[in-house]
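As structure tokens, the structure follows; a few thoughts come after it.
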Amino acid sequence: MPERNITKRIDSKEIQGEGSYVVLRRLTIGYVKAMRRNEKGESNLELNEQAVLDHLVEWNWVDSDGKPLPIPKDAPEILDAMTFEETDFLIGSLFGSDEVRKN
């Protein structure tokens, strides 16, 4: 029996070190269409950050002191404290294809 795979677990060792990962819920076409329709002067970065808030299901990332970070939907302010590379990784993992990340 088929089973719909709506989440993907992505290794993030190049960003957060060995053993780190994120679990993202896959974007639906309807979500992407709604994002594009609802652009009300928001920057692409703000829209992409909202997508991360809506679709990041789980992670084991830590802050600079090695303390576990809460999931961004529970503490959205942590996105502002993240490095560009960390944020870029999340956005790229969410919007990029699996094949792009493998290469």
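Residues of the stretch 15-55 being loosely packed, with under 10 Cβ neighbours inside 10 Å and either assigned to a helix (DSSP H, G or I) or within 14 Å of the chain's Cα centre (by Cα) (or both), which ones? If you could, list the steps in order and put the result at the bottom.
So the first thing to find is which residues in the stretch 15-55 are loosely packed, with under 10 Cβ neighbours inside 10 Å, and the list is 18-19, 29-30, 36-37, 40-41, 43.
Within the stretch 15-55, I29, G30, R36, R37 meet the criteria.
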Q.
Under 8 Å between Cβ atoms, which residue pairs at least 6 apart in sequence (or on different chains) link something in the stretch 86-101 that is over 15 Å from I71 (Cβ atoms) and of a type in the set (F, W, Y) with a partner that is at pLDDT below 95 and not in a helix (DSSP H, G or I)?
A. F95/L27
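Please find, within the stretch 2-13, the residue that is farthest from I91 (Cα to Cα) out of those that are within 15 Å of the chain's Cα centre (by Cα), not in a strand (DSSP E or B) and not β-branched (V, I, T).
In the first step, residues of the stretch 2-13 are kept if they are within 15 Å of the chain's Cα centre (by Cα); the result is 6-13.
Add one more test, that the residue is not in a strand (DSSP E or B), and what stays is 6, 12-13.
With the extra rule that they be not β-branched (V, I, T), the set shrinks to 12-13.
Numbers: S12: 13, K13: 16 Å.
In this case the residue turns out to be K13.
The values are calculated or read from the model by the stated rules, or taken from the named source; none is laboratory data. Keep in mind that what you see is a predicted model, and the values were worked out from it rather than measured. Note that we place each Cβ from the backbone using ideal geometry, even for glycine, and neighbour counts take in every protein chain shown.
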